[in-house]
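Accompanying notes for the structure given below.
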Amino acid sequence: MASEFQRRKVAAVFEAMDADGSGYLEESDFETLTERWVGIREWQPGSAEYERMRAIMMGWWSAVTTLSDAGQDGKVSLDELMTVVDQLPAMDDAVYATADAMFDAIDQNGDDRIALAEHKQVVYAWKGSADGIEDAFEKLDLDGDGQLSRTEFRDLWADFWRGDDPKSPSQWVFGRY
């Protein structure tokens, strides 16, 4: 069972993804999130980048509904999403595959590193604001080189979704919440 801290941090991400403020995640919310992502990158519908991002986002929608939509109504509540979070400690492959997909989406210039400017874009795409991301990025950049490697990001991503330590740097993956 997820702790209150885990619920709070997942609730912040949930709220950011709930584009229409309905209190549920629906397919249209993932469509909106996809449009936010491609909008910051100015990818055009039909381009390889656009289609790849769309496949990633809509794949997440499919996974979320498969794992958590208890009522099979196409609406996922925070409580239903928390059932997925409870399963994540036993889902290494899925957690790391998601981290890799996110890394690839964030690494705009393909240099296999995430710089502050790239991370700022992704936080904006998720939350509609990148307020405070400079401070958050410093907490994520454990070796202080100004970038996140794939390994660093994978570990931070996995710990954000599965971890329960409010002092862990991973709690800053989505910026301040």
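Overall, the anisotropy analysis places the stretch 49-110 in the oblate class: the square-rooted eigenvalues a ≥ b ≥ c of its C-alpha gyration tensor yield a/c not less than 1.5, with a/b not exceeding b/c. With a ≥ b ≥ c taken as the square roots of the eigenvalues of the C-alpha gyration tensor of the stretch 76-130, please select rounded if a/c is under 1.5 and otherwise prolate if a/b is larger than b/c or oblate if it is not? In terms of gyration-tensor shape, oblate. Here the scattering of the stretch 93-177 is modelled by Debye summation over its C-alpha atoms, one equal scatterer each and no solvent; at q = 0.11, 0.13, 0.25 Å⁻¹ the log10 of I(q)/I(0) is -0.24, -0.35, -1.41.
Where the only charges are on Cβ atoms (+1 Lys, Arg; -1 Asp, Glu), what is the dipole of the stretch 68-177 about its Cα centre, to the nearest 20 debye?
Details: 10 positive and 25 negative charges, 58 e Å.
With Lys and Arg at +1 and Asp and Glu at -1, about 280 debye.
For the chain, the residue among Gln121, Ile56, Ala90 whose Cα projects farthest onto the positive side of the dipole built from Cβ charges is Gln121.
Using only the Cα atoms of the chain, build the gyration tensor, take square roots of its eigenvalues as a ≥ b ≥ c, and label the shape rounded, prolate or oblate: rounded if a/c is under 1.5, else prolate if a/b is larger than b/c, else oblate. Oblate.
Mind checking the alpha-carbon convex hull of the stretch 1-91 and giving the volume per residue in Å³?
Working: hull volume 9.8 nm³, N = 91.
For the stretch 1-91, the hull spanned by Cα atoms encloses 107 Å³ per residue.
Here, each number is a calculation from the coordinates, and none is a lab measurement. What you are looking at is a predicted structure, and each value in this text was computed from that prediction instead of being measured. Cβ: placed from backbone, ideal geometry, glycine included. Neighbour counts: every protein chain shown.
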